[in-house]
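A short write-up of the structure that comes next.
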Amino acid sequence: MVSITTWNINSVRLRMPIVERFLEQHAPDVLCLQEIKCQEHQFPFEAFARLGYEHTAVHGQKGYHGVATVSRIPLTEFSRHDWQDNGEARHVGVELHGAGKGMIVENVYIPAGGDEPNREINPKFGQKLDFFERMTRWADKIDRPTLITGDFNVAPLESDVWNHKQLLKVVSHTPVEVETLQRFKDAHGWTDIGREHIRDPERYFSWWSYRAKDWRKGDRGRRLDHMWASPDLAGQAVRHHVFEEARDWEKPSDHIPLTTEFDL
């Protein structure tokens, strides 16, 4: 059994106390972090090693973005794609050895896309759509059992957002983003692991804005974080966990961890 967690941590150094808490309580084999917001030499390698996560692949940059995969299982860095086409640190892929031998885990942080869902007046939105198109061309050529996971910054289903009608023109839930994400899904026949285990139309969120005074009471969530598996790998996903309680921890990220267990 191999367990893999994804979590947009929104600054790994600032939130290391809750990362430690999560790893001590749940101990996944692999943890994929997004938005680490540090350069590689600033990453808290020693803190992870003390917790048993000695194998790492870190792609960081100063102050923004950045992804890291830490593991109790041996791994080797497999890929770094610049799907943003501007040098930002938004992806790292690893190949697992030992218990997860041969499995590829792609860790990605897709751009949020700004506030206006119109590429003519908002270049950031165009960058987001282009990022997905580059990923789609890449996915068309995958020939290994692969899990792609991370912050996709798109909530595709009506039950992935607190109010479908109110968010139709809000970046992350617009029809053009949903269609673009679907093309990426079709390119490799990905299985949306979360929605295999938490079936639509059941509510399923992974992000709540910091603006809400009481995130639970308002529950204005969106499912921006995803775990998608190759067709052959998807059948081996036996359990999926959503850790909403982490949104209540001290100095939380606005995202929560998601974990999938694979019977490999």
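The values are calculated or read from the model by the stated rules, or taken from the named source; none is laboratory data. These numbers come from a predicted model, not from an experiment. For neighbour counting, all protein chains shown are included, and Cβ atoms are generated from backbone atoms with ideal geometry for every residue, glycine included.
Note on segment 105-159: among residues that are of a type in the set (Lys, Arg) and closer than 22 Å to Ile36 by Cα, the one that is surrounded by the fewest Cβ atoms within 10 Å (Cβ to Cβ) is Lys124. Among the candidates Lys141, Lys101, Lys128, the residue that is under 24 Å from Ile193 (Cβ atoms) and at pLDDT below 95 is uniquely Lys101.
Listed by first and then second residue, the pairs linking a residue in segment 3-30 that is closer than 16 Å to Leu147 by Cβ and charged (D, E, K, R) to a residue that is assigned to a strand (DSSP E or B) and modelled with pLDDT of 95 or more, with Cβ atoms under 7 Å apart and 6 or more places separating them unless they lie on different chains, are Asp29/Val2; Asp29/Ser3; Asp29/Ile4; Asp29/Ser71. For segment 227-264, a tally of residues being assigned to a strand (DSSP E or B) and charged (D, E, K, R) returns 2.
When segment 137-148 is filtered for residues that are closer than 19 Å to Val105 by Cβ, assigned to a helix (DSSP H, G or I) and not aliphatic (A, V, I, L, M), only Trp138 remains. Apart from one condition, Ser79 fits all of (1) free of Cβ contacts under 8 Å to residues at least 60 places away in the same chain; (2) buried (at least 19 other Cβ atoms within 10 Å of the Cβ); (3) in contact with a Gly (Cβ under 7 Å, 6 or more places away or on another chain); the exception is (2). Beta carbons closer than 6 Å, at least 6 apart along the sequence or on distinct chains, pair a first residue in segment 115-141 that is touching a residue at least 12 places away in the same chain (Cβ under 8 Å) and closer than 16 Å to His91 by Cα with a second that is of a type in the set (Gly, Ala, Ser) and surrounded by 14 or more Cβ atoms within 10 Å (Cβ to Cβ) for Lys128/Gly113; Thr136/Ala187; Ala139/Ala187. Any chance segment 108-116 includes a residue that's at pLDDT 95 or above, part of a loop (DSSP other than H, G, I, E, B), touching a Pro at 6+ places or on another chain (Cβ under 6 Å) and among the hydrophobic types (A, V, I, L, M, F, W, C)? Looking through segment 108-116, none of the residues is at pLDDT 95 or above, part of a loop (DSSP other than H, G, I, E, B), touching a Pro at 6+ places or on another chain (Cβ under 6 Å) and among the hydrophobic types (A, V, I, L, M, F, W, C).
Could you please give the count of residues in segment 166-182 that are assigned to a loop (DSSP other than H, G, I, E, B) and either modelled with pLDDT under 95 or among the charged types (D, E, K, R) (or both)? Total meeting the criteria: 1.
Residues that are among the β-branched types (Val, Ile, Thr), assigned to a strand (DSSP E or B) and more than 15 Å from Leu23 (Cα to Cα) are absent from segment 35-43 altogether. Contact map, segment 182-209: residues that are touching a residue at least 60 places away in the same chain (Cβ under 8 Å) and hydrophobic (A, V, I, L, M, F, W, C) paired with residues that are part of a loop (DSSP other than H, G, I, E, B) and surrounded by 14 or more Cβ atoms within 10 Å (Cβ to Cβ), Cβ distance under 6 Å, separation 6+ or inter-chain. Pairs shown: Trp207/Leu224; Trp207/Asp254. Exactly one residue out of Trp249, Trp228 is touching a helix residue (DSSP H, G or I) at 6+ places or on another chain (Cβ under 8 Å), more than 25 Å from Val171 (Cβ to Cβ) and either touching a residue at least 40 places away in the same chain (Cβ under 8 Å) or not hydrophobic (A, V, I, L, M, F, W, C) (or both), and it is Trp249.
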